[in-house]
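Student: Quick one: this structure, given as structure tokens, is what I'll be asking you about.
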Amino acid sequence: MSSNELLLATEYLEKEKKIPREVLIDAIEAALITAYKKNYDSARNVRVELNMDEGTFKVIARKNVVEEVNDHRDEVELSTALVKNPAYEVGDIYEEDVTPQDFGRVGAQAAKQAVMQRLRDAEREILYDEFIDKEDDIMTGLIDRVDHRYVYVNLGRTEAVLSEAERSPNEKYIPNERIKVYVNKVEQTTKGPQIYVSRSHPGLLKRLFEQEVPEIFDGTVIVKSVAREAGDRSKISVYSDNPDIDAVGSCVGSKGARVEAVVDELGGEKIDIVQWDEDPKVFVKNALSPSQVLEVIVDEEEQATIVVVPDYQLSLAIGKRGQNARLAAKLTGWKIDIKSESDAREEGIYPVPEEDVEESDDVLLEDPEPLTEEDAPIEEMIEEGPVEEDEAIDEDSTGEALMAEEDEVEHDSTQTDDEESSSTEQ
């Protein structure tokens, strides 16, 4: 390969393959050094000087200056070095041009092969560096072909693979159709970067919302978590530090335009957008939307919750094949045990634990301390059944008033028990 051929090759690769000039120069220098060492024996420590503008190069030998030479490939006598430059001393590095008049056909071919190999390596590195930055991001490509293992997606300078496990169940993949994919992983191989993409990853949903919702893109609204069962249903929680910003409304958009754009891209996948909250009670309640929630009981130690819902909302809260509860658990990171209101009452966990009720009753049954009208008005001692006008008490009948109060409390207690019994039977 002549100097002109080297120059033309580097110009082509620089323009067409987008390989930086510095990378090309390093590759050519390394190739020429390899070819020289393989075919010539006059020096072992050499470097190459390239003039890319003129398309020329020199092979420069680097030898140690010594008093007496033991190996001419690595050393040069001081007397010889002084002829070139009187400033040389023993221990200095002496350089001389050892460029052969003709590398020879074998040497030129070896140089060419080495150059091309290094250039291929450099191109793979550049591609890898380009696509490793695309990990966890969206790219648009063209479906090239489909076989029993992969959907092959043309991303321009290279090809990505979409495995069956990463496909969305409700989608069909047709050659020559454009497709948005989530770059799941990029690996370097001997043949170049291998790019694995996905249509089912939760990250795809997040990135699509970033594209459709400016408030997410600029950081005004933050996507806190995503739970997804691709092709069927997903949940996404959002939050904003700005109290004037409606995070959920921003994602929905005017007349639902923003969320509909994402739904269309995902082939009709249902999407629940919920408000994130640092309080697990509120967050779990929001995550179970659209179900109504009566109570959320939190066990911080077990990272678990018991959720009480109206009886008629139990199926909605759990969802088809448990999907709503499953997605809510993924979204919040909390275990969720959903109970109907009837079951929760039977277990004594709703509305308040039974022991709390008993403790409250004990307080009411304690002997009251002597009271005055000023300290504790009669009507405040009675939970239900206000005193009628004909039962009014004057200042001269305090004892009678206390007796009337005890009778009234006993009457109210009996009435309350009857009401509770009636309510339970109903």
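Student: Once you charge only the Cβ atoms, +1 for Lys and Arg and -1 for Asp and Glu, what is the size of the charge dipole of segment 277-351 about its Cα centre, to the nearest 20 debye?
Tutor: Values: 9 positive and 14 negative charges, 113 e Å.
For segment 277-351, the charge dipole is close to 540 debye.
Student: Please report the spacing between the Cα centers of segment 131-179 and segment 218-247 in Å, no decimals.
Tutor: 26
Student: Moving on. What residue among ASN176, SER198, GLN188 has its Cα farthest toward the positive end of the dipole of segment 134-198, where the charges are +1 on Lys, Arg and -1 on Asp, Glu, each on the Cβ?
Tutor: In segment 134-198, that residue is ASN176.
Student: Of all trypsin sites (Lys or Arg not before Pro) in segment 84-178, which ones are in loop regions per DSSP and have a Cβ with at most 11 other Cβ atoms within 10 Å? Show your work: numbers first, answer last.
Tutor: Working: sites: LYS84, ARG105, LYS112, ARG118, ARG120, ARG124, LYS134, ARG145, ARG149, ARG157, ARG167, LYS172, ARG178; in loops: LYS134, ARG149, ARG157, ARG167, LYS172.
For trypsin sites (Lys or Arg not before Pro) across segment 84-178 that sit outside H, G, I, E and B with at most 11 neighbouring Cβ atoms in 10 Å, the list reads ARG149, LYS172.
Student: For segment 201-271, with the dipole built from +1 on Lys and Arg beta-carbon atoms and -1 on Asp and Glu ones, taken about the Cα centre, which of ALA230, VAL263, CYS251 lies farthest toward the positive end?
Tutor: The Cα lying farthest towards the positive end belongs to ALA230.
Student: Which residues in segment 39-58 have a backbone N closer than 11 Å to a point placed 7 Å from the Cα of ARG73 along the Cα-to-Cβ line?
Tutor: 39-45
Read the figures in this text as sums done on the coordinates, not as results from a lab. Just so it is clear, the model here is predicted, and its values are computed rather than measured. Virtual Cβ from ideal backbone geometry, glycine too; neighbours counted across all protein chains shown.
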